[in-house]
Structure formats: C-alpha cells, structure tokens
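*Asks:* So that we are looking at the same thing, I have put the structure below in structure tokens.
Please treat every number below as a calculation from the coordinates, not as lab data. Values in this document were obtained by computation on a predicted structure and should not be read as measured data. Heads up, the Cβs are rebuilt from the backbone with ideal geometry, glycines too, and the neighbour counts pull from every protein chain shown.
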Amino acid sequence: MNSVDIENAVTILRKGGLVAFPTETVYGLGADASNAAALEKIFLVKGRPIEHPLIVHIASLELAAQWSVSISPLAERLAQAFWPGPLTLILRRAPHVLDRVTGGQDTIGLRVPRHPLAQKLLHAFGGGIAAPSANRFGHISPTTAGAVIEELGSVVDLVLEGGSCEVGLESTIVDMSTDMPVILRPGAITPADIEAVLHCAVATSRQDAPRVSGMMQIHYAPQTRAQLISPHSLTLFLQRVPTEDLPIACLARRHPVWQRDKLTWVIMPERPKDYAHELYRVLRYVDKSGFKRIVIEAVPEDPAWDAIRDRLQRATGGRVLHVDLI
Ligand code: TXA
Ligand code: MG
C-alpha cells in the first residue's frame with residue numbers, strides 16, 4: 001500500500017464515493033459521514049434497512065467532540081484506554097450529525113480504529129468516515145480484501161488491501177450515552193477489561209438495546225444451514241446425520257475420534273484470540289464449498305469466549321443442540 005492509494009481513497013471519499021478499508025476488527029465500507037448522498041449508497045449497496053445506524057470512524061479522540069455533544073469522564077477514560085482499538089462508544093450526538101448516520105436516534109457510534117491503513121486514511125481524510133462491515137446485509141463480515149471483493153465486487157469504488165484483520169470479529173460496542181455503561185455487542189475488549197478501567201460494573205444488554213443490527217438473532221450468518229452442537233454430543237450427532245445431508249463440514253477444536261465419508265473436519269484454534277481471528281474466514285470458506293450442512297462444536301462458557309459464542313449463536317440461530325434433545 002502506498003500513498004497514492006490513500007490519496008486516491010481520499011479523493012473518492014470527497015466526491016461521495018465508497019471506499020472499503022481494513023480495520024483491526026473487520027473490513028469497513030466507508031463513506032464521508034457528512035455527505036448524505038454518499039451514506040445513501042452504503043445502504044443501497046449493502047441492502048441494509050435504512051433505520052440501522054452507522055459507526056463513524058475518526059482519526060483520534062480529539063475529534064470526538066465534533067461528533068458528540070457530551071463525552072462523560074467515564075467515556076473519555078474508556079477512549080483513552082482503548083483507542084485506537086476495537087471499541088465503539090455510543091455517545092450523545094452533536095446536532096449536525098445526519099439522521100442517516102444515527103438512524104434518527106439521539107446517539108452516535110464513534111470508533112478510532114488502530115489498523116495502520118485505517119489510521120493513514122482517517123488522518124489524510126480529516127473528517128469522519130461512516131462504515132459498516134463491508135458485507136451484504138446479514139452476511140458474514142469480511143476479514144480480508146478478497147472477501148470484500150467477493151461480497152461487494154464492482155459496486156465499491158476502491159478496496160484498500162490491508163491483509164487479514166488481526167482481531168477478526170466486530171468491535172465491542174459500549175453505550176456510554178447515559179449514566180449506566182452497557183455493553184451492546186461483545187468483542188475483543190471484554191467486560192473485565194472495561195470494568196478494570198471504569199472501576200464499576202458494566203451491564204450487558206440484549207433486550208432494551210437501541211436498534212443495533214448486530215442484535216438481530218440471525219445475523220453474520222452463512223447461507224448453508226449451520227448448527228451448534230455441544231462437545232460431548234458431537235460424535236454421536238455426526239454419526240446420525242442422514243446421508244442426504246452430506247457432505248458436511250465440522251468445525252471443532254480437536255481432532256476427530258471417528259471419520260465418515262463426506263465429512264470434512266476443520267480443526268479450529270484452541271485459544272479464543274486465534275479462534276476469533278480464524279472464524280469468519282473459515283465460515284466463509286466452508287459456506288462456499290458446497291456442503292449441505294455446517295456443524296460447529298460449541299465453545300467454552302468462559303467469558304473469554306463471549307464474543308465468539310455470540311457470533312456463533314447468531315450464525316446458527318441460537319440454541320446449542322445436545323444429542324439427547326434431537
Ligand atoms: O468492528 C466494527 O465495529 C466494524 C468496523 C468496520 O468498524 N463495523 C461494524 O459496523 O461492525 P456494522 O454497521 O456492521 O455494525 C455496527 C453496529 C450496528 O449493529 C449498528 O446498529 C450499531 O453498531 N450502532 C451504530 N450506531 C449506533 C447507535 N447510535 N446506537 C446503537 N447502536 C449503534
Ligand atoms: Mg455488520
């Protein structure tokens with residue numbers, strides 16, 4: 001990546017075009033957050049419902065005051081601890097912020113990403129870049145430039161190549177717009193990380209969250225039917241899969257104890273950080289490989305796995321199956 005690409009990207013953004021760019025979480029589909037027509041294109045290209053708000057990416061914390069009217073001392077503490085990084089803060093919006101960004105709510109999502117290319121782009125552009133994940137609505141977020149091209153291809157004016165995303169899952173979203181911090185979406189920054197900085201407990205919300213597309217039950221979903229199976233049921237479940245449901249892919253953190261024809265076993269990493277990095281890439285790969293079903297071994301209940309468990313539940317529709325339930 002050279003400075004010509006960044007210059008090119010900035011020119012496109014200034015003209016109201018779309019630039020897909022890497023962040024350390026997933027690739028974003030970026031547009032000038034102050035240009036209503038450009039924002040319109042994001043919704044069109046993604047097929048995203050218009051009331052779903054967008055995260056505005058900025059180069060540094062100093063710029064947050066341009067987008068939010070009140071940044072509480074606690075919010076500022078979080079920003080200082082985790083920006084640049086995989087954290088989105090929901091704050092009270094400034095009056096000029098377009099409704100297309102906020103979905104008509106009185107809050108705005110702000111993030112300072114740390115990927116060097118995102119940093120370069122934001123510094124060169126100067127303004128805010130509104131960017132959802134660079135996938136079609138409901139699909140798996142892209143973690144490589146190739147995946148962005150697969151998702152959006154020619155409808156994007158430019159895709160900046162920034163390698164494979166370090167984290168691999170979307171940012172942690174924390175609502176700091178009221179006195180009570182609430183985690184709206186789990187991510188690489190955990191509740192414990194946040195509590196250690198705030199010195200107070202944080203709630204995790206699903207029910208009363210504002211409109212967050214990531215909150216929908218089926219989201220980040222592969223096209224192939226995917227199921228979550230408890231580790232102790234896995235072998236029995238696979239033995240019972242009817243022949244008409246083959247070929248089948250199984251994602252598990254261990255080697256198979258048993259093999260069958262037309263069963264492809266994908267060994268997933270042991271550690272949550274590595275698992276997160278791989279998950280969307282693997283899901284995307286198995287989703288386009290002609291399997292009739294994808295079976296995923298449920299991950300540990302430990303909080304370190306929260307973000308992964310959340311995405312797996314969304315990818316599969318929720319319930320962990322135990323064979324005695326089937
Ligand atoms: O890691 C990420 O957050 C990536 C990268 C590109 O930054 N972005 C991302 O954007 O995941 P998106 O649009 O796919 O998901 C952002 C989530 C959406 O579910 C949206 O509804 C929520 O953030 N959001 C944005 N603004 C909000 C607001 N004001 N209040 C509540 N939720 C908000
Ligand atoms: Mg998304």
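*Asks:* Note the full-extension length gain between VAL155 and SER60 as 0.36 nm times their separation in residues minus their Cα-Cα distance, in nm to one decimal.
*Replies:* Additional length available on full extension: 31.3 nm.
*Asks:* How would you rank ASP157, ASP106, going from fewest to most other Cβ atoms within 10 Å of each one's own Cβ?
*Replies:* By the 10 Å Cβ count, ascending, the order reads ASP106, ASP157.
*Asks:* Simple spin-label model, 7 Å along Cα-to-Cβ: GLU301 to SER3 in nm?
*Replies:* Rounded to a tenth, the inter-label distance reads 5.6 nm.
*Asks:* Express in nm, to one decimal, how much length is gained between ARG136 and HIS322 on full extension, taking 0.36 nm for each residue of separation and deducting their alpha carbon distance.
*Replies:* Taking 0.36 nm per residue and subtracting the Cα distance, the gain is 63.8 nm.
*Asks:* What are the ³J(HN,Hα) values, in whole Hz, obtained from phi via the Karplus relation 6.51 cos²θ - 1.76 cosθ + 1.60 with θ = phi - 60°, for each residue of the range 35-48 in sequence order, with x given for Gly and Pro?
*Replies:* 10, 4, 5, 5, 5, 3, 4, 4, 5, 5, 5, 7, x, 8
*Asks:* Further question: Using a 7 Å offset from the Cα along the Cα-to-Cβ direction at both LYS288 and HIS96, what is the distance between the two label points in nm, to one decimal?
*Replies:* Output for this residue pair reads 4.1 nm.
*Asks:* Treating only the Cβ of Lys, Arg, Asp and Glu as charged (+1, +1, -1, -1), what charge dipole size does the range 17-142 show about its Cα centre? Round to the nearest 20 debye.
*Replies:* 220
*Asks:* So how far apart, in nm, are the two label points at ARG254 and GLU195 if each is 7 Å from Cα heading toward Cβ?
*Replies:* The two pseudo-label positions are separated by 3.0 nm.
*Asks:* Okay, next question. Given H placed on each backbone N at 1.01 Å, which residues far from ARG293 in sequence or on other chains put an amide H within less than 5 Å of it?
*Replies:* HN-HN under 5 Å from ARG293: ALA249.
*Asks:* In the Gaussian network model of the chain, springs joining C-alpha atoms below 10 Å, which of LEU152, LEU279, LEU263 carries the largest mean-square fluctuation?
*Replies:* LEU263
*Asks:* For the residues MET176, MET268, what sequence is obtained by ranking on other C-beta atoms within 10 Å, fewest first?
*Replies:* With the fewest neighbours first, MET176, MET268 line up as MET268, MET176.
*Asks:* In Å, what Rg and Dmax follow from the Cα atoms of the chain?
*Replies:* 20.0, 61
*Asks:* Using the Karplus curve 6.51 cos²θ - 1.76 cosθ + 1.60 with θ = phi - 60°, what ³J(HN,Hα) values do you get for each residue of the range 302-310, in whole Hz, with x for Gly and Pro?
*Replies:* 3, x, 4, 9, 3, 5, 5, 4, 4
*Asks:* Here's another thing I want to ask about it. What does the helix-only formula give at 222 nm for the chain: each DSSP H stretch with n ≥ 4 adding -39500 (n - 2.57), the total divided by the residues, and the result rounded to the nearest 500 deg cm²/dmol?
*Replies:* -8500 deg cm²/dmol
*Asks:* In the Gaussian network model of the chain, springs joining C-alpha atoms below 10 Å, which of ARG225, ARG260, ARG281 carries the largest mean-square fluctuation?
*Replies:* ARG260
*Asks:* What residue among ILE12, ILE58, THR23 has its Cα farthest toward the positive end of the dipole of the range 1-73, where the charges are +1 on Lys, Arg and -1 on Asp, Glu, each on the Cβ?
*Replies:* Of the candidates, ILE12 comes out farthest on the positive side.
*Asks:* While we're here: Given R₀ = 25 Å, what would the calculated FRET efficiency be for GLU51 paired with ALA203, taking r from the Cβ atoms and rounding to 0.05?
*Replies:* 0.55
*Asks:* Cα-Cα over 25 Å: which of LYS41/LYS273; LYS120/LYS288; LYS262/LYS288?
*Replies:* Beyond 25 Å: LYS41/LYS273; LYS120/LYS288.
*Asks:* Can you list the HN-Hα couplings for the range 123-139, worked out from phi with the Karplus curve (6.51, -1.76, 1.60; θ = phi - 60°), rounded to whole Hz and with x for Gly and Pro?
*Replies:* 5, 5, 6, x, x, x, 10, 6, 8, x, 4, 8, 10, 5, 3, x, 7
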